[in-house]
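What follows is a single structure, written as structure tokens, with notes after it.
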Amino acid sequence: MTGMSDQFYKVVGENIRKYRTLRNMSLQEVADIIGVTKKTIQNYETGAIKIDMHRLSEISDALNVNVLKIIHGAESFFGIELPKNDIVDIPLVGKICCGNGVIAYDDIQEYISTPREWLNGGEYFYLRAKGDSMTGARIQEGDLLLIRHQEEVEDGEIAAVLIDDEAVLKRVYRYNNRIVLQSENQKYAPIILEQGGDYNVKIIGKLKKIVVNV
């Protein structure tokens, strides 16, 4: 039971740190709100000390997040049965890098609550639409784009493509050793990239859903 207890508080601590980082709050700021020391908050985050439900509620309020999200993934260590959650938090990514074939999210701006029914296995992330190059596909600037991480798509499918350090959303076609990225706006000419050119180009995901910015 002790081992399960340790795992519970470790996962809770990781969730506290995640949401504190998303809120751009320091350890000291959270500590000041709930009236404890900075070291105490740090110990909560590492799981070094136990946190009771009253304190957990105070931290949740300070971080402006539902307490169920703070204990998400930890409840099973004590056999706690929570109501089935049909919502999943998916990161909204501001910048993506690809080193040694591994995708890294350099700038997670926030987590978007997403219906589980939109997902079908795999890893997902959101991008924010920029510009007007995809208006013909009913994608407007500011819309949220739910992307399923995958490195291959069928010809004509809309995908997020990383060109050097910039992620663009285009229809993807392949001709011989060329990748053609087609906009959905006649103002923009196709981007034609020779494989093996002086740039790094990589498909990073397929567009699964557009969440209109209202």
Which of the aspartates and glutamates could be linked to residue 187 by a straight reach, that is with a Cα gap under 14 Å, when you skip same-chain ones fewer than 8 residues away? 132
Add +1 for every Lys or Arg and -1 for every Asp or Glu among the other residues with Cβ under 12 Å from the Cβ of residue 158, and state the total. +3
Among the listed pairs 10/38; 10/206; 130/206; 18/209; 69/209, give every one whose C-alpha distance is greater than 28 Å. 10/206
Rounded to one decimal in nm, the spacing of the 7 Å Cα→Cβ label points at residue 140 and residue 174 is 3.6 nm
Using eta = 0.692 mPa s and T = 37 °C, Stokes-Einstein with Kirkwood Rh from Cα pairs puts D for the stretch 159-208, in µm² s⁻¹, at 293 µm²/s
For the stretch 103-214, state the semi-axes of the equivalent ellipsoid (square roots of 5 times the eigenvalues of the alpha-carbon gyration tensor), sorted largest first and rounded to whole angstrom. 23, 17, 13
Partner aspartates and glutamates for residue 39 [C-alpha distance under 17 Å; skip if fewer than 8 residues away on the same chain]: 14, 29, 52, 58
Search the structure for amide H atoms under 5 Å from the amide H of residue 108, placed 1.01 Å from N in the peptide plane, and list their residues when 5 or more places away or on another chain. 94
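Bear in mind that the values in this text are calculations on the coordinates, not laboratory data. Please read all numbers here as calculations on a predicted model, not as lab measurements. Because the Cβ atoms are built from the backbone with ideal geometry, glycine has one as well, and the counts that use them run over all protein chains shown.
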